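One structure below.
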Amino acid sequence: MNLEDWYRQDRLPHIYCAGCGNGTVLNCTLRAVQELGFRQEETTFISGIGCSSRASGYTSSDSLHTTHGRALAFATGVKLVKPHQHVIVFTGDGDCSAIGGNHFIHACRRNIDLTVVCINNNIYGMTGGQGSPCTPYGAITTTTPYGMHEQPFDLCKLAEAAGANYVARWTSYHVKELTEAIRSGLEVPGLSFIEVMTQCPTSFGSKNKMRLATQMIDMFRENAVLKVKADRDTAAGKPLEPGKFIVGEFVRRHNPPLGVEESK
Amino acid sequence: MKTEIRFSGLGGQGIITAAVILGRAAALYSKKHVVQTQSYGPEARGGASASAVIISDDPVYYPNVTNPSVYVIMSQEAYNKYGNNAPEDALMLLDPGFVTSRPVCRCFEVPATSEAKSQLGKTVFANVIMLGALLEATGIVTYDALEHAVLDSVPKGTETNNKRALAIGQELVRSQL
Amino acid sequence: MKLVINDHRCKGCNMCTKVCPYGIFQEGARPGARGYIIPVLDHPERCTNCRLQKFYGRQLCGMCQTTCPDQAISWIDEQPFEPHKVVIEY
Amino acid sequence: MTEKTDFLNGNVACAEGAIAAGCRFFAGYPITPSTEIAERMAARLPKIGGTFVQMEDELASVAAIIGGSWAGARTMTATSGPGFSLMMENIGYAAMTETPIVIINVQRGGPSTGQPTKAAQGDMLQCRYGSHGDYSIIALSPSSVQEMFDLTVRAFNLADRFRTPVFLMADETIGHMREKVSLHSDVEIIPRRELKEGELPCAPDENGVPGFGTFGNGHNIHITGLTHSENGYPSTDSAEVHEQLIRRQVGKIEDFRNEIADVDIVNPDAEYIFISYGAPTRTVRQLMADVPETYGHLNLRIVWPFPDESLLAFKNAKAFIIPEMNLGQIAKEVRQYTNIPIVIVPKLGGALHTPAELKKAAEVAKTVTKPMTEVRL
């Protein structure tokens, strides 16, 4: 199947704002799926509610656009009934870690064979830019007009601690690495969690001195620290500078997964 | 003909199991109409336990016991709650090891727990001893029906001891007739 | 192969201007079909993928296409070479 | 075919009914007094090629069975009041996406934690109207252990036929009492209609029900809880699309209310008529066994959609006496369809109405003139 066939061409152009990174993440996900040679009828995309979750509406295969935060629970049902189905979940930072936080940690604990692509744009985009559990400390949003005064989640550490078999983080700037990570996630049995730091110029950037999508991409390029370098720095006693974040593959392990068809 | 039987005692004595076995014997092996109900929840485990069986020749619609004619009582607390109100024409089987009061109605003292311990080595057979006693005292089902129901309900390997328990119960009542 | 930007899909975010290693995409000034300012292409024949995709039988670089959030960038076959239409300029 | 007569409680009979109906996926969360259903499914499903999963909460339980349903299985969950409240969000989703699922609610006293081990019928309106927006569902009400088996099978068939969530609104009395029950595997199965080639995923057939595009069968469909047009794609701005969709989804059930109906009508010529469903039906029957020919009785085996035409069977009716283990939830529904005086007989606290109490209510009924009268027991 060609890459273009994985898009619902009759639904494009999509509803995302100009410069929104969701489209980029969609590209990387579909490219990974295409490279692996999956067939349409054996692939299912599931998503919750939010900008990120509209992605499932643009993929050309069976797709389930569900309720806020519950995508992983729906996906659990699909996967347990049809274990040979490749189930990919699109979720966002609010969807996954606020309203869906409990489903998220339990899906990781069960280590169910799903691939979760979490588009983390640090904000609730669909409702117009409210603070999320992943809004950085000090950032301005419509519900944190004086700066976010709570600490954000580190979703990758959460997924790792909860038991996911594969955990990685990239940004919408690192498209090659992201595609590779989603590919790995699809190949590793058990729950694969790929967090993608993504720009939301409309709601997040405009309030935080990054009106242009390209400015946000520059920010990702400058602040993303490769895991190997971060590890080296840590060993040398150098802490991560404020505002920087680590990208790379954090976990790849083979704990017993759920929802994998036993080989006959 | 409709008989209402009230089982009561402490959680862990097998009160509910006894009622289920009797219900099973009547429903499946005696072609009677039966409804079995029970107290449910934490009280069924630690504290008081109660269960009831209605056995009738006609369909039983209303499932709750209103006027039991047979009481099986295995604790003083249960006696205070249910046994005190037993009418004169009722029949009561009680375990004298746990119950010190005595009713106004006809009563058999069935030391089921101590007999289970001394003759079968384990107190878990007390409820089946009680069923044997109940069978002998009332004849509400046939022996075969009750034995069938007991063997349906108990773990494998305990069949012999359970049959002995039935016989012990029958004998305990027979000696008082 | 020829590099093209789909006027109907492009929303003018200029992400392609950031990621193309050859600097082919330049911020534009002309509005496209939906009114967004579409980037312009500067000597697109420098694109590796344009030149070598057919030769290698697979997509090369492709950074612009993978990054483009609006699925607006693609490569299309060029018109076949038609010698009789060549206008010789003196 | 296997057939077996057993002495079981209602919850276990319900689980066996689900298995007989072909249910092979159960997702649930423990809650008194429904837990025996989950326990039985956990023990039985792995042995017959099914899957049991204990989810993190009831929200997830319904989500998982909806997912399982789209993957092609007959799926079910079981709960009681507090869990039922949590399920409402995804019940609305199932209604909007027309997903066949079966939800067992073994009702207990509420609101909130209430009386976990006592019977009630307080969720009858919640099951009909609990989620937001306009939609319709089907709800059955068993009054015996045998009906826990039979109506569970029926629930699956109705869910697939009408593509809707179907509720089995049992209560603690029926869930926990034991009776003789006939279990058999050759139950009638009415499967869901698979989407045909070239048919739009949300376009209705002559019954108003679209074909079901099972995931993995190559239909390439998009299912969303957003207002969607017949091709399944979101269409949230069009008033016309929304109205058409909602009217069809409600109509596909409400237009068939008297076809779906399953009632028992006894003594239709009587003047004083009991209307009951679930456990109180047992008390009414007990009373009628004691004094036959005195009263009429309408037993509702399917409560929602309300079978309004069944009221017309009682041509001499002077009053309808409605005993419920709530403050008159279905009585108010009956009121919508009749001008005959209604006597509500509520009973709270977990105990069932006694035959004597119903007899008293029937005496009161002989004197009422107001449209609605409540008998305080």
- prompt: Mind checking which residues of the range A:16-33 are within 11 Å of chain C (Cβ to nearest Cβ) and aliphatic (A, V, I, L, M)?
  reply: A:18, A:25, A:26, A:30, A:32
- prompt: Of all residues in the range D:319-351, which are touching a strand residue (DSSP E or B) at 6+ places or on another chain (Cβ under 7 Å), within 14 Å of chain B (Cβ to nearest Cβ) and either more than 24 Å from residue D:123 (Cα to Cα) or of a type in the set (A, V, I, L, M) (or both)?
  reply: D:325
field: Verdict on residue A:26 being modelled with pLDDT of 95 or more, in a helix (DSSP H, G or I) and crowded, with 21+ Cβ neighbours inside 10 Å
entry: yes
field: Flag if residue D:102 is within 30 Å of residue B:55 (Cβ to Cβ) and part of a strand (DSSP E or B)
entry: no
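Every residue, every condition in (1) more than 11 Å from chain D (Cβ to nearest Cβ); (2) touching a residue at least 40 places away in the same chain (Cβ under 8 Å); (3) assigned to a helix (DSSP H, G or I); (4) β-branched (Val, Ile, Thr), yes or no:
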| position | (1), (2), (3), (4) |
| --- | --- |
| B:19 | no, no, yes, no |
| B:24 | no, yes, yes, no |
| B:34 | no, no, no, yes |
| B:37 | no, no, no, yes |
| B:80 | yes, no, yes, no |
| B:99 | yes, no, no, yes |
| B:104 | yes, no, no, yes |
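Okay, residues lined up against (1) closer than 26 Å to residue A:250 by Cα; (2) outside any helix (DSSP H, G or I); (3) within 13 Å of chain D (Cβ to nearest Cβ):
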site	(1), (2), (3)
A:55	yes, no, yes
A:74	no, no, yes
A:79	yes, no, yes
A:119	yes, yes, no
A:156	yes, no, no
query: Would the range A:57-64 turn up any residue that is hydrophobic (A, V, I, L, M, F, W, C), touching a Gly at 6+ places or on another chain (Cβ under 9 Å), assigned to a strand (DSSP E or B) and within 8 Å of another protein chain (Cβ to nearest Cβ)?
result: yes
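Yes or no, residue by residue, for (1) within 30 Å of residue D:162 (Cα to Cα); (2) under 25 Å from the mean Cα position of the chain (by Cα); (3) surrounded by fewer than 19 Cβ atoms within 10 Å (Cβ to Cβ):
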site	(1), (2), (3)
D:291	no, no, yes
D:306	yes, yes, no
D:326	yes, yes, no
D:336	yes, yes, yes
D:365	no, no, no
- prompt: Among the candidates D:172, D:240, which residue alone is surrounded by fewer than 18 Cβ atoms within 10 Å (Cβ to Cβ) and among the charged types (D, E, K, R)?
  reply: D:240
query: If you take just the helices (runs of 4 or more DSSP H) that sit entirely in the range D:1-78, which of them hold at least 2 residues that are of a type in the set (Gly, Ala, Ser) and farther than 17 Å from residue D:166 by Cα?
result: D:10-20, D:35-44
- request: Select from the range A:154-178 the residues that are surrounded by fewer than 20 Cβ atoms within 10 Å (Cβ to Cβ) and within 17 Å of residue A:224 (Cα to Cα) and list them in ascending order.
  value: A:154, A:157, A:176, A:177
message: Looking only at the range D:340-355, how many residues end up being modelled with pLDDT under 95 and either of a type outside the set (A, V, I, L, M) or under 18 Å from residue D:298 (Cβ atoms) (or both)?
response: 2
query: Of all the residues that make up the range B:152-166, how many are of a type outside the set (Val, Ile, Thr) and surrounded by 15 or more Cβ atoms within 10 Å (Cβ to Cβ)?
result: 8
- request: Could you please give the count of residues in the range D:51-74 that are more than 7 Å from every other protein chain (Cβ to nearest Cβ) and either out of contact with any strand residue (DSSP E or B) (no Cβ under 8 Å at 6 or more places or on another chain) or closer than 17 Å to residue A:259 by Cα (or both)?
  value: 4
message: Restricting to the range B:27-63, and then to whatever is hydrophobic (A, V, I, L, M, F, W, C), out of contact with any Leu (no Cβ under 9 Å at 6 or more places or on another chain) and modelled with pLDDT of 95 or more, can you tell me which residue is farthest from residue D:282 (Cα to Cα)?
response: B:28
task: Would you tally the residues in the range C:17-36 being more than 10 Å from chain A (Cβ to nearest Cβ) and crowded, with 17+ Cβ neighbours inside 10 Å?
output: 5
statement: Of the conditions (1) within 9 Å of chain D (Cβ to nearest Cβ); (2) closer than 20 Å to residue A:6 by Cα, the single one that residue A:36 does not satisfy is (1)
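The values are calculated or read from the model by the stated rules, or taken from the named source; none is laboratory data. Computed from a predicted structure; not experimentally measured. Methodologically, a virtual Cβ is constructed for each residue, glycine included, from the backbone with ideal geometry; neighbour enumeration extends over all protein chains shown.
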